[in-house]
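Report on the following structure.
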Amino acid sequence: MIVCNSGSYKKPAGDTRNNWVTMMFPIKCRFNCFGKQSHINTCTQAFRDLERFGFEFSDFGFAGNHVHFPVNVPKKYSLEDAEIMLKSHSSKKMFEMHPGFRKRYPRGSFWSGYEHHESTGLKNLEESSDYCRNQQLHHGVFVIDDCQQRLPC
């Protein structure tokens, strides 16, 4: 018996599969903390900071007391590890950028222990992103734009 091997097999560079998951994180005690644009921007930026670890995000949907977002979790992290990383980093940034949250959350836990996630896949990623984009309309939430803007010179 002769064994033939072409030797042309190459391992793909990087992660070739997708693990898109739509997550929902509610705020502890369901306080309406996402009524200001500055709070939404801080939380979004905190999530986007984790892109350096391989996370990919689609659209975020803030609905007053919770957030929906599709995320592509890297292969090296389980869903539990990803949830811990996302919640801990974002809550740390929220307390850092908005010190008044320490009065409302003296024990330092911003997110509730509850979370919801469902597999999304590439076929219904656009449908999930559309659902996340329409959260404020769906829940009837009005967001106050309190971000400072530059005056024209």
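The figures follow:
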| quantity | calculated |
| --- | --- |
| Shape call, segment 54-153: gyration tensor on alpha carbons, a/c limit 1.5 | oblate |
| With all protein chains modelled, accessible area of Lys75 [1.4 Å, Å²] | 150 |
| Amide proton proximity set for Ser112, modelled H, under 5 Å, gap of 5+ | Ile27, Lys28 |
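The values are calculated or read from the model by the stated rules, or taken from the named source; none is laboratory data. Quick caveat: nothing in here was measured; it's all calculated off a predicted structure. Keep in mind that these areas ignore ligands, DNA and RNA; they rest on the heavy atoms of the full protein, side chains included. Shrake-Rupley method; radii C 1.70, N 1.55, O 1.52, S 1.80 Å.
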